[in-house]
Amino acid sequence: MIALDASALLALLYGERGHDRVAAAAEDACISAVNLSEVLGRFARDGHDPLVVLEQIESTALEIVPFGTEQAALAAALVPATAPHGLSLGDRACLSLAAARGIAALTADRTWARLDVGVDVRLIR
């Protein structure tokens, strides 16, 4: 199992560089609902109906994980270590999901490689 960042899922869905690495992991992957919202927002911005995109994503094996109070606290605890690197709530949502489950996080964001937050970060490019 691996936690996908929004950047990784977007790379897969848009066929961007690194999409093959995401495709190889997608059958055993999860994503935070926060990161899913980022992905759907990108499609909405590009003129697509986010509900149609959501239906397509839900028809795959990708596990969508709700962002509850425990996830919120874990993401908040990452602020001191991640703020100097400019990470967003979405970034911390992915990292906290990976930390909570003891799994790696897959992202296109190279900044994550410099983090020391106890999560195995894997870059797609």
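What the table shows:
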{"item": "Test: ALA76 is modelled with pLDDT of 95 or more, surrounded by 15 or more Cβ atoms within 10 Å (Cβ to Cβ) and part of a helix (DSSP H, G or I)", "result": "no"}
{"item": "PHE67 vs. criteria surrounded by 14 or more Cβ atoms within 10 Å (Cβ to Cβ) and touching a Pro at 6+ places or on another chain (Cβ under 8 Å)", "result": "no"}
{"item": "Residue within region 17-26 that is in a helix (DSSP H, G or I), touching a strand residue (DSSP E or B) at 6+ places or on another chain (Cβ under 9 Å), touching a residue at least 40 places away in the same chain (Cβ under 8 Å) and charged (D, E, K, R) present", "result": "yes"}
{"item": "Counted residues, region 79-125 - those being over 13 Å from VAL34 (Cα atoms) and assigned to a helix (DSSP H, G or I)", "result": "16"}
{"item": "Residue in region 47-60 that is out of contact with any Gly (no Cβ under 6 Å at 6 or more places or on another chain), outside any helix (DSSP H, G or I) and of a type in the set (Val, Ile, Thr) present", "result": "yes"}
{"item": "Among (1) within 16 Å of ASP120 (Cα to Cα); (2) touching a residue at least 24 places away in the same chain (Cβ under 8 Å); (3) out of contact with any Phe, Trp or Tyr (no Cβ under 7 Å at 6 or more places or on another chain) - the single one GLN71 does not satisfy", "result": "(1)"}
{"item": "Inter-residue pairs, beta-carbon under 7 Å, first crowded, with 21+ Cβ neighbours inside 10 Å and in region 81-97, second in a helix (DSSP H, G or I) and among the hydroxyl-bearing types (Ser, Thr, Tyr), 6+ apart", "result": "ASP91/THR82; ARG92/THR82"}
{"item": "From the options ALA3, ALA29, ALA11, residue that is farther than 16 Å from VAL121 by Cα, in contact (Cβ under 8 Å) with a residue 40 or more places away in the chain and surrounded by 13 or more Cβ atoms within 10 Å (Cβ to Cβ)", "result": "ALA11"}
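The values are calculated or read from the model by the stated rules, or taken from the named source; none is laboratory data. Worth saying up front: this structure is predicted, and the values here are computed from it rather than measured. FYI the Cβ positions are ideal-geometry reconstructions off the backbone, even for glycines, and counts take in every protein chain you see.
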